Structure formats: structure tokens, C-alpha cells
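Peer 1: Below is one structure. I have some questions about it.
Where a number appears in this text, it was derived from the coordinates with a stated rule and is not lab data. Just so it is clear, the model here is predicted, and its values are computed rather than measured. Positions of Cβ are backbone-derived with ideal geometry, glycine not excepted, and every protein chain shown enters the neighbour counts.
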Amino acid sequence: MNCNIDNLTYGQIKEIAKLAGGTSSEKASHPLIGKKVLVVIQHGFIFFGALTSTNGYLTLSDASNVRYWQTRTGGLQEFIEKGIIKDDKIDKCSSSPVINEHLFIQEIVKW
């Protein structure tokens, strides 16, 4: 049986964690829980959505993946401040991505 770890669902990750003894009923804490955020995770993937805590993991609800964003003179900070523009490619996520090992997280205030 072939299994691509990049295609695991949140439910499958929870099951694997349970088998390994790594589940927790504790909530992950972060000062931005409940707020709309933009997150950069490993390998440069960019997501945005509402930051939540689920079974000890930081996740995004109502999440989207930024597959491609048009170059802006102000870089990622300008994207966060001004939001999506015409040529950006945004994909709605079918599940809530786990983002515990994020590289960058910032609240989205204006959009």
C-alpha cells in the first residue's frame, strides 16, 4: 500500500498521533486564536483562515491556500495588508490544515 504523507487528512493525522500516544485533550495556546491570520509553514506554503485549537494542535478553519500570489513591491507584508488581487491563485482547503510548525504567522486585519 502506497501512502503519500502530503495527502493525509486531519482525521488520519489524529489517528496516527493516537496510535503513537501523541494525542492531547489540551488546547494549543496562541494569542491569535479566533482571529483571521496568514501563516507560512514549512517549504513556503502559505495559508490563511481563522486560527483555532483542536486536540492540542493549531489549525485553520475556513482555510485557503495561496497557490500563487502576484508580485507586490511590498512583498508578503503588502499581501497581508491589502489582500487578494486579480491574478492571485487561491485554493479553498477541504479540511483544516495543522500548522503547529509554522515559520511565520500574522493577523489579517483589513480583509
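Peer 1: Among (1) 30.2, 100; (2) 21.7, 74; (3) 15.0, 47, which is the computed Rg and Dmax of the Cα atoms in Å?
Peer 2: (3)
Peer 1: Still on this structure, please answer the following. Go ahead and estimate [θ] at 222 nm for the chain from helices alone: -39,500 (n - 2.57) per DSSP H run with n ≥ 4, summed, over the residue count, rounded to 500.
Peer 2: -4500 deg cm²/dmol
Peer 1: Another question, if that's okay. Could you state the angle between the C-alpha long axis of helix 10-19 and the longest principal axis of the C-alpha atoms of the chain, as a value from 0 to 90 degrees rounded to the nearest 10?
Peer 2: Helix 10-19 sits at roughly 30 degrees to that axis.
Peer 1: Using 1/(1 + (r/R0)^6) with R0 = 22 angstrom and r between the beta carbons of residue 92 and residue 43, what's the FRET efficiency to the nearest 0.05?
Peer 2: According to the calculation, E is roughly 0.65.
Peer 1: Follow-up. Find the lysine pairs in the chain meeting two conditions, Cα atoms under 27 Å apart and a separation of 8 or more places or different chains, and report how many there are.
Peer 2: 23
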